[in-house]
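Before any comments, here is the structure.
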Amino acid sequence: MAVKKMWGGRFTAVSPEFAQEFGASISFDQVMAAEDIEGSIAHVTMLGTTGILPQADADTIKAGLIEIQDELKAGKIEFDVANEDIHMNIEAILTAKIGPVAGKLHTARSRNDQVATDFHLWVTHRLPEVIKAIEALQTVLVHLAETHVETILPGTTHLQHAQPISLGHYFMAYYSMLQRDKERFQFNLEHASVSPLGAAALAGTTFPIDRAQTADLLGFKYVYNNSLDAVSDRDFAIEYLSNASMLMMHLSRLSEELIIWASYEYQYVELDDAYSTGSSIMPQKKNADYAELIRGKVGRVYGDLTSLLTVMKGLPLAYNKDMQEDKEGVFDATTTILGSLHVMTGMMSTLHIKEDNMLAAVQNDFSNATELADYLATKGMPFRQAHAVVGHLVLTGIKTHTALQNMPLEQLQAASDLIEQDVYTDLDPYEAVVRRTSFGGTGFDSVKQQIKTAKQQLDLG
């Protein structure tokens, strides 16, 4: 049976059921029910204090909304697709509770500024949760870094051994990436914490509303200065998805390295059984499935961002029905990034690191070649010449399966008479890391300073 729409006064036909389902958003925007009620409570409170509504009516509406709020928390609310969206569903439930006075709630308000308000509230409520989850992973990385300041492994470029580095330095690199992610989400709050309420459909209202009051009641820091912008702006959501995409990119890079490091060929780490899976046919398998899932889920978050950018790219001012497509991607991305952060935090906190295998990997890999070139440069040889000299020694070492630090002094001196006995200190992988004393480098003191700064940022004491 067709249900008469609240907006259907000028219509003589009702859409068929399949079209109503196509146009409805209640299947997904019901997750904003708490925010919708919160916004309505603030709005009716303002209507009462400004005298736009009789205080008695405002009190009746507010009491009904609070009752619905309690029922929502208790899981007693059911929504109907015939009422299209969360706003009309809540209003229908309110009308059933308190009668026609419920219709006064929509005074000086449109669904356009209402949905924008709900969406802003939803994002501002989730941002602190995302930031907290990032900080939890950062804390684990700092503890790992502190434990492994003096654990040595090959640093790579192009996936080729480059120079020995501190494992603590490696963990702090990911801490730094996450710090930028966190700061981006923190700044995102500045753009999300802006109140559209009171912009109405697009042009504001003739009623003497107090937009500052509703903004304050809802915890918004600012109020939109332009009513057209207020109902049509989704920059804050695009910014959120952009930030989420970069966060997932960073988690994917870490996942990729964990997958490689846990492989039989590397054996740098072993993932805990709780964050691994087996094979249905091969009994020996221990697969890094959770890391692979995080790596795979990047695609859906990128898709969420691309989708909303595409929705918004050609829209004239102000609101258009296309903008109903703005929310699902944000809801999906939030579930994805929070799940990925929680899983990565658990995975890293239970990670078993095989220090001996990491150290063994820098013993015969020529990753100390730059140390020898730097050694010659400090003796006065132009670096380009030193690079060539060491390159020839490396070639000899590859052919004879002899590491630089294992070559006799006579052989090294045949390449350059600047080389003396002290060269073997510089060629030791451990010393190669210790000597990287430049600010931000992999030297132990530098890594400890990075950890100290991180602890201050996280207030870890």
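Readers should treat all values here as calculations from the given coordinates under stated rules, not as data from a laboratory. Since we're looking at a predicted model, the values are computed, not measured. Here the Cβ is made from the backbone with ideal geometry for all residues, glycine too, and neighbour counts use every protein chain on show.
Odds and ends about this structure:
- According to the Cα-based calculation, Rg over Rh for segment 112-360 is 1.10, with Rh computed by the Kirkwood formula.
- In straight-distance terms, cross-link reach from LYS399 covers every one of the lysines whose alpha-carbon lies under 25 Å from its own, apart from those fewer than eight places away in the same chain; here that gives an empty set.
- Each Cα pair under 8 Å and six or more residues apart adds its separation to the average, and for segment 355-461 the resulting relative contact order is 22 percent.
- On the basis of the beta-carbon distance and an R0 of 30 Å, MET249 and LYS73 show a calculated FRET efficiency of 0.25.
- Relative contact order, whole percent, for the chain stands at 16, derived from Cα pairs under 8 Å and 6 or more residues apart.
- Of all complete DSSP H helices in the chain, those with a Cα span along the helix axis of 15 Å or greater and a mean Kyte-Doolittle hydropathy of 0.0 or more are 33-49, 86-98, 111-147, 235-261, 289-312, 328-349, 383-400.
- Ranking VAL101, ALA116, ILE90 by Cα position along the charge dipole of segment 63-121, where only Lys, Arg, Asp and Glu carry charges on their C-beta atoms, puts VAL101 farthest toward the positive end.
- Longest stretch of the chain clear of exposed loop sites (GluC sites (Glu not before Pro), DSSP loop, at most 16 other Cβ atoms within 10 Å, sites excluded): 266-419.
- Förster-model FRET efficiency, 45 Å R0, ILE260 and ALA56, C-beta, rounded to 0.05: 0.05
- A Förster radius of 35 Å, combined with the Cβ-Cβ distance separating ALA96 from LEU293, puts the computed FRET efficiency at roughly 0.20.
- Within segment 13-107, the percentage of alpha carbon pairs spaced more than 22 angstrom apart rounds to 30%.
- Over 29 Å apart at the Cα level, from the set LYS182/LYS285; LYS182/LYS321; LYS182/LYS286; LYS73/LYS132, are LYS182/LYS285; LYS182/LYS321; LYS182/LYS286.
- Scattering curve values for segment 64-133, log₁₀ I(q)/I(0), Debye with Cα scatterers, q = 0.24 Å⁻¹: -1.20
- Added length on full extension, which subtracts the Cα-Cα distance from 0.36 nm per residue, ILE281 to PHE207: 19.6 nm
- Sorted largest first, the spans of the alpha carbon positions of segment 412-461 along the three principal axes are 55, 15, 10 Å.
- Dipole size of segment 112-360 about its Cα centre, with +1 on Lys/Arg Cβ and -1 on Asp/Glu Cβ: approximately 240 debye, rounded to the nearest 20.
- Relative contact order computed over segment 164-280 (Cα-Cα under 8 Å; 6+ residues apart), in percent: 25
- Positive-end residue, the chain charge dipole about Cα centroid, Cβ charges, pick of MET347, GLN213, ILE37: GLN213
- Unit Cα scatterers, Debye sum, the chain: log10 I(q)/I(0) for q = 0.07, 0.08, 0.09, 0.12 Å⁻¹: -0.54, -0.65, -0.75, -1.03
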